[in-house]
1. Between Ile108 and Lys591, what's the calculated FRET efficiency when r is the beta-carbon distance and R0 is 35 Å? Round to 0.05.
2. Taking only Cα atoms, what is the 0 to 90° angle, nearest 10, from helix 687-696's long axis to the longest principal axis of the chain?
3. Size of region 250-404 along its principal axes in angstrom, Cα-based, largest extent first?
4. In whole percent, what relative contact order does region 409-558 give with Cα contacts below 8 Å and a gap of six or more residues?
5. Would you mind telling me the antiparallel percentage of the DSSP bridges in the chain, rounded to 5?
6. Hey, could you get me the Stokes-Einstein D for region 577-696, Kirkwood radius over alpha-carbon pairs, 25 °C and 0.890 mPa s, rounded to whole µm² s⁻¹?
7. Out of the total accessible area of the chain (probe 1.4 Å, heavy atoms of protein only), what percent is carbon and sulfur?
8. Quick one: which of 211-223, 79-91 comes out on top by average Cβ neighbours within 10 Å, and what's the full order, highest first?
Amino acid sequence: MLWVAIIGLAMTVAAVAMAGRRALFLFKLATVGPPAPERIAYAKTHAGAEAKAQLVEVFGQKKLLKWTPSGVAHFFVMWAFFILLTVYIEAYGSIIQGAITGRPNFHIPLIGQWSVLGFLQDFIAVACLLGLVAFAVIRIRNSPKTLGRKSRFSGSHLGGAWLVLFMIFNIIWTLFLARGAAAANGNLPYDGGAFVSLALGNVLPASPLLEEIALLLHIGFMLVFLVIVVNSKHLHIFTAPLNVLFSRRPDGLGAAPEMTVDGKPVDFEDEDLDPEKLGRGKIGDTTWKGFLDFYSCTECGRCQSQCPAWNTDKPLSPKMLILDQRDHAFKVAPYLLQGDTSHADTDVLALLEKPLVGEDGVIHPDVLWSCTNCGACVEQCPVDIEHIDHILDMRRYQVMVESSFPSEAGVMVKNLENKGNPWGMSEMKRADWIEELDFEVTLIDEKMPEDTEYLFWVGCAGALEDRAKKTTKAVAELLHIAGVKFAVLGPAEACTGDPARRLGMEFLFNMLAQQNIETLNEAGVKKIVATCPHCFNTLANEYPQLGGAYEVVHHTQLLSKLVDEGLLTPITPIEEKITYHDPCFLGRHNKVYSQPRDIMSKVPGVQTQEMHRHKDRGFCCGAGGARMWMEERIGKRINTERVDEALTTNPDTVSTACPFCMVMLGDAINEKKNSGEAKETLEVVDVAQLLIKSVKG
Ligand code: SF4
Ligand code: SF4
């Protein structure tokens, strides 16, 4: 039995050395870029949430289990990795004990002869085998060869995935062979529980040689698998828990990431600020968290399958955005790590200097500018990859360093700079809607009046865009009826800066945000209600990054509460079939799904019908990520796709809770009416408009 131990341990040393060398390379590569101390700070300050995420997402597989049956299959395969570690302890123990005593009948101290453990080992191995079968079926049914672009595996490295399934299969069958042979020789530590191994022991011959060969095969396949794992997408086995640990809590959605330079929040006043360090222009500018994202991608394509850009035939796939960067990083890794490129030839230098974004870059500009920041990718990613952070960092470099962005968005930027709103209208017009009401609305004159509870943040669209103004007036009227004291800033309100920030114009965002924070703080504002989910998100989640901390609610949250408290009573029936569209920055980014639905459920007569894609899988209207101010030239229009889906529910009305969704869906509905595909009476309204109609009669 000595030869078994020698071969087994020699194989182990060789494989561990190879895997260790690769791990060192990956670590060094991940740390070539700027630091990311804010990620460690996040993990420390959100330790409770991070611990919960490990339990729920890593061990509980919460995100994956939303995708049954692949989630269930993955759950068992992952738990097999943990539980079968005990089988490997037994295997190594047996080859060493066999060398010493001549009998490979090792058992783990204390629990090693407990039939429950034996059962658990056999059960999870069988479940793992069934999981492999499920994975194979899913891969065949979703093959890019048959489904093309619609396959979530389109673009993934398919060969590697099949190889890994094959290797896990080899590990499992050799496990049963080794344990069955051990049972036949009387060396299995379990008298009961290990139902498959004991049954095999009854049919296999009592052969020490068979047991020795099976043990070596079992250990050998595991070692080859280890080397494959650290050289493939299956690296996620080790990196995913780390990526979950260092992701922005709760889930990388809501606030855009704070912009940092050399690991510190950017200071645009700093005269020594190196403009080349704004955002990310080359792969070497990627922080270790970015590399952790690359290393963790399992190529599952869940993000791709949910992306509105990908689903409307645009070139953006969030999966490929990560994989293209990863593949490029590996190509240039030897030179990035060497540092010294003085002897590199021109091809190598060109590769190193390759821009992250450009016609000949790693990422094509059409990919970068197709993103609506809807968050569907981040929401679905089982390993918490933060695609939006990558996109925003690249946009920041393109906008602030290269001055390269879709020209139409330039008009919006100029308007924000000069007039404080994207349409370039006079700030004096911001209070015009008040004149259309038949009650007084308090305009703040420096300070919030003592008896006023809420600042009503009207937003640029709410103040200046005709369709959104209807929502503004409805909300004001509802608050007035409910007796909620509120005031508005009127001309003193400026854009929150959301479109500038999502475009990558962090400098302009900073300017607008600081101006607004100064106004709000001087007025003594504590509580804010906003109708626009983009304003709501920026005020609630992003202004704290710049020192503006307020209690912010969306109007649907406040109105739902007022209805519950009996301060608003919907009486008049609205006999309509209504389908609700979840605004991404209200739903996915801020998890407000129930309140708009609750309001509609309280209106008598309303029949609601969900679209196929709703709540956390809701489909974007196409306006987020500053896309509202860009032409949509490639593929099908996103708003048309969304309205096509709404039409499948045959609604009388489409409701939503965002001024931008109203505009986008309204435009698409008008086109459908013109082409005769939608009934003339179909309209899109805010939930607040429905409520006021029912409350007022
Ligand atoms: S944020 Fe939305 S549009 Fe952008 S990549 Fe993710 S899923 Fe696609
Ligand atoms: S980014 Fe996340 S969701 Fe997308 S393919 Fe990779 S692991 Fe899957």
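1. On the way: r = 44 Å, r/R0 = 1.26.
Efficiency at R0 = 35 Å is approximately 0.20.
2. Computed tilt is about 50 degrees.
3. If we take the Cα atoms of region 250-404, the spans are 44, 38, 27 Å.
4. On the way: 225 pairs, mean separation 36.7, N = 150.
Relative contact order, region 409-558: 24 percent.
5. On the way: 3 of 24 bridges.
Among the beta bridges of the chain, antiparallel pairing accounts for roughly 10 percent.
6. 169 µm²/s
7. On the way: 16860 of 28760 Å².
Ligands and nucleic acids excluded, carbon and sulfur give 59 percent.
8. Numbers: 211-223: 21.7, 79-91: 17.9.
Highest mean packing first, the order is 211-223, 79-91.
The values are calculated or read from the model by the stated rules, or taken from the named source; none is laboratory data. The structure displayed is predicted, hence computed values, not measured ones. Here the Cβ is made from the backbone with ideal geometry for all residues, glycine too, and neighbour counts use every protein chain on show. Just so you know, the surface numbers come from the protein's heavy atoms only, side chains and all, with ligands and any DNA or RNA stripped out. Shrake-Rupley method; radii C 1.70, N 1.55, O 1.52, S 1.80 Å.
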